[in-house]
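Undergrad: First, the structure itself, so that you have it in front of you.
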Amino acid sequence: HSTAAPSSKKSERFYEFGSNVIKLNDEKQFKREVMQSSYLWAIEFYREGCGYCQLLTPVWEKVAEHLKNLVRVAAVDTERSGSLAANHADPSNPIQGVPTIKIYIPAQGPKGKTRVVVYNGERKAKPIITFLTQHMPSYVEPL
């Protein structure tokens, strides 16, 4: 009897094909998709062996499904994409452990900068969705 087979299946639980969660794998993709976007991005920085990350996975999937076409919900594997995670562990919004959820609020106006906010609230779909919708940019021009 082999005990190796179940562990090889473990990775399939993290945002595989068909998921509404976008996997970010490298800096080029991150810059193109997140930093140049007019969408609000919510990104979970996780590690596959992390129990809390596994608990967050179905919640994160629910958030992605609920906010589809409104907010881009993504994930970065801090082990497989270590340099990407390191590049975005800025001092004002550090990745102190996993899972860490950061939101990237698009720049407002031509000279604006993308704002980054760490979500420290409850790890449940409803409070996360509320937090994200409160931070969505408005493109409505006052008359």
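The values are calculated or read from the model by the stated rules, or taken from the named source; none is laboratory data. As the structure is a prediction and not an experimental result, all values here were calculated from the model. Backbone-built Cβ (ideal geometry, glycine too); neighbour counts: all protein chains shown. Keep in mind that these areas ignore ligands, DNA and RNA; they rest on the heavy atoms of the full protein, side chains included. Shrake-Rupley method; radii C 1.70, N 1.55, O 1.52, S 1.80 Å.
Undergrad: What's log10 of I(q)/I(0) for the chain at q = 0.12, 0.15, 0.21 Å⁻¹, Debye sum over Cα points only, no solvent?
TA: -0.49, -0.74, -1.43
Undergrad: I've got another one for you. With contacts defined as alpha carbon pairs under 8 Å and 6 or more residues apart, what's the relative contact order of the stretch 22-135 in percent?
TA: 34
Undergrad: Only Cα pairs within less than 10 Å get springs; with that Gaussian network setup on the chain, which residue of 120, 20, 93 has the largest fluctuation?
TA: Of 120, 20, 93, the Gaussian network model singles out 120 as fluctuating most.
Undergrad: Shifting gears a bit: In the chain, what percent of the accessible surface is made up of carbon and sulfur (1.4 Å probe, ligands and nucleic acids excluded)? Don't skip to the answer; put the middle values down first.
TA: Values: 4650 of 8730 Å².
About 53 percent, which is the carbon plus sulfur part of the accessible surface.
Undergrad: Then there's this: Stretched out fully, how many nm does the piece from residue 28 to residue 90 gain, at 0.36 nm a residue minus the Cα gap?
TA: That works out to 20.6 nm of additional length.
Undergrad: Is there a quick way to get the dipole size of the chain? I mean about its Cα centre, with the Cβ of Lys and Arg at +1 and of Asp and Glu at -1; what is the value in debye to the nearest 20? Display every interim value, and only then the final one.
TA: On the way: 19 positive and 14 negative charges, 28 e Å.
For the chain, the charge dipole is close to 140 debye.
Undergrad: Something else: In a Gaussian network model over the chain where Cα atoms closer than 10 Å are linked, find which of 124, 62, 111 has the largest mean-square fluctuation.
TA: With Cα springs under 10 Å in the chain, the top fluctuation among 124, 62, 111 is at 111.
Undergrad: GNM on the chain, C-alpha springs below 10 Å: top fluctuator among 77, 90, 26?
TA: 90
Undergrad: For the chain, with every protein chain kept in place, what is the accessible area per residue (1.4 Å probe, Å²)?
TA: 61
Undergrad: Run lengths n ≥ 4 of DSSP H only: what is the helix-derived mean residue ellipticity at 222 nm for the chain, with -39500 (n - 2.57) per run over all residues, to the nearest 500? Kindly include the intermediate steps, with their values, before the conclusion.
TA: Details: 5 runs with 42 residues, N = 143.
Calculated at 222 nm, the ellipticity per residue is -8000 deg cm²/dmol.
Undergrad: Continuing with the same structure: So for the chain: antiparallel DSSP bridges make up what percent, rounded to the nearest 5?
TA: Taking every DSSP beta bridge with both residues in the chain, the antiparallel ones total about 55 percent.
Undergrad: Return one number: the angle in degrees, 0 to 90 and rounded to the nearest 10, between the long axis of the Cα atoms of helix 51-66 and the longest principal axis of the Cα atoms of the chain.
TA: That helix lies at roughly 50 degrees to the long axis.
Undergrad: With a sphere of radius 15 Å drawn around the Cβ of residue 134, what net charge do the other residues whose Cβ falls strictly inside it have (Lys, Arg +1; Asp, Glu -1)?
TA: The answer is +1.
Undergrad: Can you tell me the length gained on complete extension of the stretch residue 123 to residue 141, counting 0.36 nm per residue apart and subtracting the Cα distance?
TA: Additional length available on full extension: 3.1 nm.
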